[in-house]
Amino acid sequence: MRNGTSLRVLVTAVFTLSACMAQAADPVAQHNSTAFWFVNWFGLSNAELDVVAPNGEMTTVFAASGTPVFELDRGKATDGVYNYELTAATEERVKIVNPQNNGRGDAASDTAAKSFYLTGRFVVSRGVITTPDEMTEEEN
């Protein structure tokens, strides 16, 4: 009886842990007055953060490990809505459906890292990153 109860507890714990790992939370955008980054950064690597200013200027920040951090230049900052796109590689592997001969020989793999993708926006007002009550773009 005791072994049966222990086995049920163990199986329940394994399934619960598997479900928690499968439902890992996505990164959450954070900022201070001059920097924009992400927290909850687990299992992601080779991240690229593209930020487009209201005047169309694009800045790309790359981080091989850890979160990429966008630094706002207060002297040159344009007020308005900044759009961002975050891409990164996850630890999860997916099968390559149509493998190509990539010249790697025995080092070639039939799997690749699954991609992570996130977009959003933030607002700069008077040269600092702000948190508005409701974010809207004005029509020109």
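Listing for the model above:
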{"quantity": "Calculated from backbone phi, Karplus (6.51, -1.76, 1.60) coupling profile of segment 83-89 in Hz, x at Gly/Pro", "calculated": "9, 10, 9, 10, 10, 7, 9"}
{"quantity": "Counted charge near residue 58, where neighbours are those whose Cβ lies closer than 12 Å (Asp, Glu -1; Lys, Arg +1)", "calculated": "-4"}
{"quantity": "For residue 118, net neighbour charge (Lys/Arg +1, Asp/Glu -1) across residues whose Cβ lies under 13 Å away", "calculated": "-3"}
{"quantity": "Per-residue Cβ neighbour rank within 10 angstrom, fewest leading, 73, 26, 106", "calculated": "106, 73, 26"}
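Values in this text are rule-based calculations from the coordinates and carry no lab data. Computed from a prediction, not measured in an experiment: that's the story for all the values here. Cβ: placed from backbone, ideal geometry, glycine included. Neighbour counts: every protein chain shown.
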